[in-house]
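Asker: Handing you a structure now.
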Amino acid sequence: MSSQIICIDPGPVIQLTAFPRNNAIKTLWDRWEREDRRILAPTLIFYDVANILSSYIRHGVLSAQTVKAVLQAARSLPIHLVEDQDIQFRALELSERLNLPVGCDPHYLALAEKLDKELWTYDRRLAVVVNQPGAAPRVRWIGKKQELATL
């Protein structure tokens, strides 16, 4: 598994742009940039980001004006979007095999799997479901402090 390319889901994008005081993600993202990592995601990532941000408006976490600025900042990140029809079909298989709810998580997994890269996420549940004990992690949970220390 080459470490020069990584896949992400919306979690790192949301944390970096909506919660700028999150030093852990800033440090991680800066490291990725210093190491010239290529950050990939399926084309649906910004739909997911917008969906998450809209829930922040509904729950009073962020204002509509702030959300617009956050979405603009998210869209300016150096994320390379991947459009691949095979990912959609593989996502269906992964959803069934891993008993994941219908949604976008399987699409991020399918991309990472197809490229043989790690998927980085803030979704602990996803990391637990996918990673098998004793095997190298395919999904890297950013919330785990020792994960960040070993990068």
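The values are calculated or read from the model by the stated rules, or taken from the named source; none is laboratory data. Model, not experiment: these values are computed from the prediction. Reconstructed Cβ throughout: ideal geometry from the backbone, glycine too, with neighbour counts over all protein chains shown. These area figures cover heavy atoms from the full protein model, side chains too; ligands, DNA and RNA do not enter into them. Shrake-Rupley method; radii C 1.70, N 1.55, O 1.52, S 1.80 Å.
Asker: Tally the residues that are under 14 Å from the mean Cα position of the chain (by Cα) and open to solvent by 40 Å² or more (accessible area, probe 1.4 Å), restricting the search to the range 1-14.
Answerer: Filtering the range 1-14 for residues under 14 Å from the mean Cα position of the chain (by Cα) gives 5-14.
Subsequent filtering for residues that are open to solvent by 40 Å² or more (accessible area, probe 1.4 Å) retains 5.
Number satisfying all stated conditions: 1.
Asker: Do we find that residue 112 is within 29 Å of residue 34 (Cβ to Cβ), touching a strand residue (DSSP E or B) at 6+ places or on another chain (Cβ under 6 Å) and touching a residue at least 40 places away in the same chain (Cβ under 8 Å) in this structure?
Answerer: Values: within 29 Å of residue 34 (Cβ to Cβ): yes; touching a strand residue (DSSP E or B) at 6+ places or on another chain (Cβ under 6 Å): yes; touching a residue at least 40 places away in the same chain (Cβ under 8 Å): yes.
So residue 112 passes the test.
Asker: Hey, another quick one. What residue, among those in the range 53-69 that are surrounded by 13 or more Cβ atoms within 10 Å (Cβ to Cβ) and hydrophobic (A, V, I, L, M, F, W, C), is farthest from residue 18 (Cα to Cα)?
Answerer: Result: 57.
Asker: A further question on this structure: Exactly one of these conditions fails for residue 25: (1) among the aliphatic types (A, V, I, L, M); (2) at pLDDT 95 or above; (3) under 13 Å from the mean Cα position of the chain (by Cα). Give me its number.
Answerer: (2)
Asker: Something else now. Return the total of residues in the range 30-52 being open to solvent by 50 Å² or more (accessible area, probe 1.4 Å) and either small (Gly, Ala, Ser) or at positive phi (or both).
Answerer: So the answer is 1.
Asker: Another question about this same structure. Which of the strands (runs of 3 or more DSSP E) found entirely inside the range 29-148 contain at least 1 residues meeting this: β-branched (Val, Ile, Thr), within 15 Å of residue 9 (Cα to Cα) and at pLDDT 95 or above?
Answerer: Values: elements: 38-42, 79-82, 119-121, 139-141.
In the range 29-148, the matching strands (runs of 3 or more DSSP E) lie at 38-42, 79-82.
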